[in-house]
Amino acid sequence: MVALYIVLGIILLIALILLLNVHLYYKLDGKKFTLYVRVGPVKIKLLPKRKKKLNYKKLAKKLRGRKISTIRFRQKPKSSDNSLDIKALLSDLQIDSMIEEISKASGNPELTKLLLNSAKDFALKFKTLLHTKIKHVYITVDEGDAAKTCIRCGVLNQAVAYVLEFFNIFTNMKPMSSSASVAVIPSFDNSGYAFRIEGSFRIRIISILSSFISSVFKSLAAQDRIKLNIQTRKDIKK
């Protein structure tokens, strides 16, 4: 009887885990890109990474007994310009180019690009199983010239509309709250461009697992069809 309760408890625990939601929170504020993932009560910060504190005791042990001439100090890497190339972004309204530019502005471009591309692939793969929420898309534009600023505002406003339409069609997009702001505004104060983009994605673990299993079976079935076609061709040649 006790064994039965243990088995039922394990089954219930697995069911609860499968029903848990995986939340992905993102925020682009200026040039700082922040990314969190939360599964149940566990929340992990992915970007930006925390800077490791220097352990002076370990450093002292390493330097003990060594001459200054033998110590090689790590050179400070050259600062790279991670600012968003708005003109390049506006020349191509595809989502891939927007992901590319946002990734460049983050502290870890490779990981940011990987995660954003994964989010796009999730949207195409899971469709209505993926829940999206847009909290803010607030952009101010200043090209230094009134006419150019207005033109860029119009183009960027269309780009934002395309992205929102993409999520609205391919995902289960939550209606925006009254406090949400979506706007592209010209500012004639030589301030350049300013971004405030914030939102989240949500999907159940069981949806990810079922899709993965389905993909595996489809891949195996495709391999079997290929082997069958090859074997059929060999038989015909004989």
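A few points about this structure:
- Summarising the label geometry, the points placed 7 Å from Cα in the beta-carbon direction at VAL39 and ILE10 lie 2.0 nm from one another.
- Heavy-atom accessible area, probed at 1.4 angstrom with all protein chains present, ranks GLU100, GLU143 as GLU100, GLU143, highest first.
- Surface accessible to a 1.4 Å probe, THR132 within the full protein complex, Å²: 10 Å²
- Per residue, the convex hull around the alpha carbon atoms of segment 126-194 comes to 81 Å³.
- For SER191 and ALA146, the difference between the fully extended length at 0.36 nm per residue and the C-alpha to C-alpha distance is 14.9 nm.
- Sequence-distant residues sharing a close amide H with ARG204 (under 5 Å, placed H): VAL22
- Largest first, the residues MET173, MET1 sort by 1.4 Å accessible area into MET1, MET173.
The values are calculated or read from the model by the stated rules, or taken from the named source; none is laboratory data. On a predicted model such as this, the values are computed, not experimentally measured, just so you know. Cβ sites come from the backbone with ideal geometry, for glycine too, and all protein chains shown count toward neighbours. Only protein heavy atoms, including side chains, enter the accessible area calculation; ligands, DNA and RNA are left aside. Shrake-Rupley method; radii C 1.70, N 1.55, O 1.52, S 1.80 Å.
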